[in-house]
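Single-structure report; data block below.
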Amino acid sequence: MRLADAPAALALMRRAEGGLGRLPDEMDLPWMEEALAGALMGGLAIGAWEGSHLAGMIKTSRMPSVQFQHVLWDLTVAVDPESQGRGIGYRLLAELLANAAALTPRVERVELVVREGLTHAIRLYERVGFRREGRFERRFRLSDGTYEADLPMVLFL
C-alpha cells in the first residue's frame, strides 16, 4: 500500500468496524494517513485489491524506541464484510509475516491485541502461529456497556 491509498483504507476500516478498536466516527482521513505513514516507515502495510476495490488490508508499525526495533506492533487486519470468508485475512497475514522476516533491522516479534469475543479472529491468528501472551481484563467496553478482555498475542519469527 501507499499513502495515497489512505482514502480507500479509511473506507474499508469504516466498513469493517465491528472487529476494530475504533468506531467509524472516530476514524478520519488524517488519522488514517498517520496510521498508514507509521506503518510505511519501517513497518508494513499490505492491501488486497479486487479490481479498484480494497477488499482487505493489514498494517503494522515498528515500536518507536531503538530498544524495540525488533518488534512490530499495533497490527490491524481489516476485511470488507462482503469479502470475508474467502481467505483474504489469512493471505494478508501470511504475506505480512513473509515480508516481516525480510525487514532490516531484523524483526523477531510481531504483536497484536484482539478482543476475546472475536473468536473467528483468534482462530485465524492461532492458525498462522500467534499464541496468547496474556489477558487485559475489562479493557474493551462494548456499546451495551458490558466489557470484554483484550488478549495480547505474539508470534516470534
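The values are calculated or read from the model by the stated rules, or taken from the named source; none is laboratory data. Since the structure is predicted, the reported quantities are computational estimates derived from the model, not experimental observations. As a convention, Cβ positions derive from the backbone with ideal geometry for all residues, glycine included, and neighbour counts pool all protein chains shown. Each accessible area value is taken on the protein alone, full model and side chains, heavy atoms only, with ligands, DNA and RNA left out. Shrake-Rupley method; radii C 1.70, N 1.55, O 1.52, S 1.80 Å.
For this structure, a couple of remarks:
- Largest to smallest in accessible area, the residues VAL79, VAL66 fall in the order VAL66, VAL79 (1.4 Å probe, all protein chains included).
- Accessible area in square angstrom per residue, segment 102-157, 1.4 angstrom probe: 63
- In terms of Cα atoms, the Rg and Dmax of segment 1-91 work out to 12.9, 40 Å.
- Across the chain, C-alpha contacts under 8 Å between residues 6 or more apart give a mean separation that, scaled by the residue count, equals a relative contact order of 18 percent.
- With the convex hull drawn around the C-alpha atoms of segment 101-140, the volume per residue stands at 88 Å³.
- Computed over the alpha-carbon atoms, the chain gives an Rg to Rh ratio of 0.94, Rh here being the Kirkwood radius from the mean inverse distance.
- Exposure check, 1.4 Å probe, all protein chains in place: ARG132 carries approximately 120 Å² of accessible surface.
- Computed accessible area, TRP73, all protein chains, 1.4 angstrom probe, square angstrom: 100
- Here the chain carries DSSP beta bridges of which approximately 95% are antiparallel, counting only pairs with both residues inside.
- Carbon/sulfur fraction of accessible area - the chain, other protein chains in place, 1.4 Å, %: 51
- C-alpha center-to-center spacing [segment 7-31, segment 93-157] in angstrom: 19
- Over all other residues within a Cβ to Cβ distance under 14 Å of PRO24, the charged ones net out to -2, with Lys and Arg as +1 and Asp and Glu as -1.
- With a simple spin-label model that places each label point 7 Å from the Cα along the Cα-to-Cβ direction, the separation between PHE68 and MET41 comes to 1.5 nm.
- Taking Lys and Arg as +1 and Asp and Glu as -1, the other residues whose beta-carbon sits under 9 Å from that of LEU157 total +1.
- The distance between label points at GLU133 and LEU3 comes to 2.9 nm (points 7 Å beyond Cα on the Cα→Cβ vector).
- Extension gain, HIS120 to HIS53, is 21.7 nm, computed as 0.36 nm per intervening residue step minus the present C-alpha separation.
- Rounded accessible area of LEU92 (nearest 10 Å², 1.4 Å probe): 10
- Calculated FRET efficiency, ALA94 to GLU26, Cβ-Cβ distance, R0 = 25 Å: about 0.30 to the nearest 0.05.
- Each Lys or Arg adds one and each Asp or Glu takes one away; over the other residues whose Cβ falls under 13 Å from the Cβ of MET41, this sums to 0.
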